[in-house]
Amino acid sequence: MMDRPGRTPGIGRRPVLGGLVAAAALGLPAARRAGAQAMTQHPEVILRNGRITTLDPAQPAATALAASDGLVQAVGSDSEVMALAGPDTRVIELGGRRVIPGLNDSHTHLIRGGLNYNMELRWENLPSLADALALLKAQAERTPAPQWVRVVGGWSEFQFAERRWPTLEEINAAAPDTPVFILHLYSHAMLNAAALKVLGITKETANPPGGVIERDGKGDPTGLLIAKPSALILYSTLAQGPKLPLEDQVNSTRHFMRELNRLGVTSVIDAGGGGQNYPDDYQVIERLHAEDALTVRIAYNLFAQKAGAELSDYERWVAMTEPGAGDALLRVNGAGENLAWSAADFENFLEPRPDLAPTMEAELEKIVELLATNKWPFRIHATYDETIDRFLTVFERVNGKVPLQTRFTIDHAETVSERNIERIAALGGGIATQHRMAFQGEYFVDRYGARAAEATPPLARMLELGLPVGAGTDATRVASYDPWVGLYWMTTGKTLGGLRLSPEANTLDRETALRLWTEGSAWFSGEERAKGRLAPGYYADLAVLSADYFAVPADDIRGITSLLTLLGGKVVHGAEDFAGLAPPLPPASPDWSPVAAFDSPGLRTAAAVTRAPQHARACHDGCASACSLHGHGHQIAWSSPLPVSDKRAFWGALGCSCFAV
């Protein structure tokens, strides 16, 4: 059952159609719907002179919008909507800018990410490794002991002009004394000597299960941690870093939400995470909710924490809460994305596909049966079709005993087959996709071939088969939280490095991609009748864009931000002409935070995200390393395909030192 917007979601409540919503359900024209509501109240806010994409088939375009009580009251022409204005109505002039429904990330980790946002240095959009190392050096110099400098996700070496990672020597030169942790996808972490020291990683430290500590010829750790294939070595190391005090975590989460607002995001589904136990680790987000300080709507899933105790976790949570508990800003969404640790297939394309343990089915079936019995929606992480096939066999077996009466979600599904798409649909499920291939598509091609990457994941085919599909990021530990990277990837089929993965037939048109980022994602929290459109009775969540998404060149999509973001008709972000409308935000804390010193993706300019041409210059500024073979003509090496399958040759693949510059 779907709760209507504006009402507290809950189990068993009947939706009430009244006023404008009832008029919309009866199919009345926009002007009549607007007039019906105008008889009862004047709108609180009107936006006029815009190019509004409503995604409402009944009225796909408008120039003006009115909102009251958190909902869209009317859409139409300027004259129609302005006729509803009262003496206290705020009127915002849009100047012809494009307006879209607020973006909805159907799979992210906002709650955990918010606790750490103010500690993390972002490498998104940087055109060169030289720029990245300069930021690293600057942040290391301003980070006090015992804190670390952390670069955690959002970047790809293929975005850099140099087309490579930093070397460990470069990291140590940039930060000789401050511990540094740099996460590279789900495959590696790079630690400087100071980090190795504080972590106590020595010659005697054993490799953890599923991971490798790289060592030099003397057996000493180099600083490179390798997932083979499990990312637990990376995450368990990151977890040992200092945490922010509670008040700084609150500040950090506020800044992270405002950053999402800058990018046009107004809703997310939080997929939980390791070390994010319920209810203990929800203290910060619950406090912000109680203080009416949330600027993003959050539906959250509960993630099993301890291997071997997953069933106990869910038995406890089923007794404590229920899907829909909360309200329109913060609510329980169900179980997952981790239901059982034996079911985790890490998406590390630098390593072979992992085979799940033979005990997985028995462990997973007990948990899914418990969730089905209690009518809990659930989601589960699954990268590979082989994994999905085994999961669906379990779901079908449970469905034969206890029919699945709620939605379920397959998360990621990069290599899902058509047969398994049909099985998901038959059981009433959907697929939440993310832009992970934009960050690791080159590695996928290197392992599986260009042909296999053409429909990874097969977005167009999913939609042709009528499957519910949502869009998201899987931020923050690997991919960027920036939705415009996702929209760029979905519509162009290209990675951040410019490699075209998908032919045009497998990409999406811009409107379809936007639908997945709005009403498509709303299905995954059961709110498809409340959000995702700018239509009467829906949430007044919207973004006024810095550039026209439907008109800009494809490469410029990545540079779009929001100049004005509304949540429930209230301004939560404003920039440029709308800066005066923005609510106040306290300075980032602590004062050494990278957020206080460097531009984030949401603060960038469009020019800053244009990928640096590989032949733009012979060498990056300030280079003091001439190659013995090419001099400073490093572009010869940079423009050559990287032999990523041979990691030993990665920095000297052409018999030269260009990659080590």
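The values are calculated or read from the model by the stated rules, or taken from the named source; none is laboratory data. Owing to the predicted nature of the structure, the values given are computational and were not obtained by experimental measurement. All Cβ positions, glycine included, derive from the backbone under ideal geometry; neighbour counts span all protein chains shown. Each accessible area value is taken on the protein alone, full model and side chains, heavy atoms only, with ligands, DNA and RNA left out. Shrake-Rupley method; radii C 1.70, N 1.55, O 1.52, S 1.80 Å.
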task = Just tell me which lysines come within less than 19 Å, Cα to Cα, of Lys243; anything on the same chain fewer than 8 places away is out.
result = Lys197
inquiry  = Suppose all protein chains stay in the model; what accessible area per residue would a 1.4 Å probe give for segment 392-507, in Å²?
reply    = 31 Å²
ask   = Which value in deg cm²/dmol, rounded to the nearest 500, describes the helix-derived mean residue ellipticity at 222 nm for the chain, given -39,500 (n - 2.57) per DSSP H run of n ≥ 4 and division by the residue count?
value = -7500 deg cm²/dmol
query = For segment 49-146, what is the accessible area per residue in Å² when the probe is 1.4 Å?
reply = 33 Å²
note = Two pseudo-spin positions, 7 Å from Cα along C-beta at Ala61 and at Lys203, lie apart in nanometres by 7.2 nm
query = At Asp281 and Glu422, where each label point lies 7 Å from the Cα along Cα→Cβ, what is the point-to-point distance in nanometres?
reply = 4.0 nm
task = May I ask you to list the GluC sites (Glu not before Pro) in segment 254-313 that are in a DSSP loop and have at most 12 other Cβ atoms within 10 Å of their Cβ?
result = Glu291
query = Between His42 and Glu576, what FRET efficiency comes out of the Förster formula 1/(1 + (r/R0)^6) with R0 = 22 Å and r the beta carbon distance, rounded to 0.05?
reply = 0.20
task = Could you tell me whether segment 436-477 comes out rounded, prolate or oblate from its Cα gyration tensor? Rule is a ≥ b ≥ c as square roots of the eigenvalues, rounded for a/c under 1.5, then prolate if a/b exceeds b/c, otherwise oblate.
result = oblate
key: Whole-Å semi-axes of the ellipsoid equivalent to segment 315-442 (Cα gyration tensor, √5λ, descending)   = 24, 18, 14
request  = Compute the label zone of Arg90 within segment 563-577: residues whose backbone N is under 13 Å from the point 7 Å along Cα-to-Cβ.
outcome  = 564-575
Length-normalised contact order of segment 257-345 in % [C-alpha pairs under 8 Å, at least 6 apart] = 33 percent
query = What is the Cα centroid distance between segment 135-193 and segment 351-389, reported in whole angstrom?
reply = 35 Å
key: Percent accessible area from carbon and sulfur atoms, the chain, protein chains only, probe 1.4 Å   = 53 percent
request  = Please give the length that would be gained between Thr359 and Glu511 if that part of the chain were fully extended, namely 0.36 nm times their separation in residues minus their C-alpha to C-alpha distance (nm, one decimal).
outcome  = 50.4 nm
request  = Note the per residue figure in Å³ for the convex hull of the C-alpha positions in the chain.
outcome  = 149 Å³
ask   = Which pairs break 32 Å Cα to Cα here: Lys366/Lys494; Lys494/Lys531; Lys203/Lys494; Lys137/Lys570?
value = Lys366/Lys494; Lys203/Lys494; Lys137/Lys570
Distance in nm between pseudo-label sites at Thr393 and Glu504 (7 Å out along the Cβ direction from Cα) = 4.2 nm
inquiry  = Can you compute the charge dipole magnitude of segment 469-605 about its Cα centre, using +1 on each Lys and Arg Cβ and -1 on each Asp and Glu Cβ, nothing else charged? Give it in debye, rounded to the nearest 20.
reply    = 240 debye
ask   = Fully extended, how many nm does the chain gain between Glu386 and Ala134 (0.36 nm per residue separation, minus their Cα-Cα distance)?
value = 86.4 nm
request  = Within 10 Å, count the other beta carbons around each residue, average over each peptide in 41-48, 535-542, 110-117, and list them highest first.
outcome  = 535-542, 110-117, 41-48
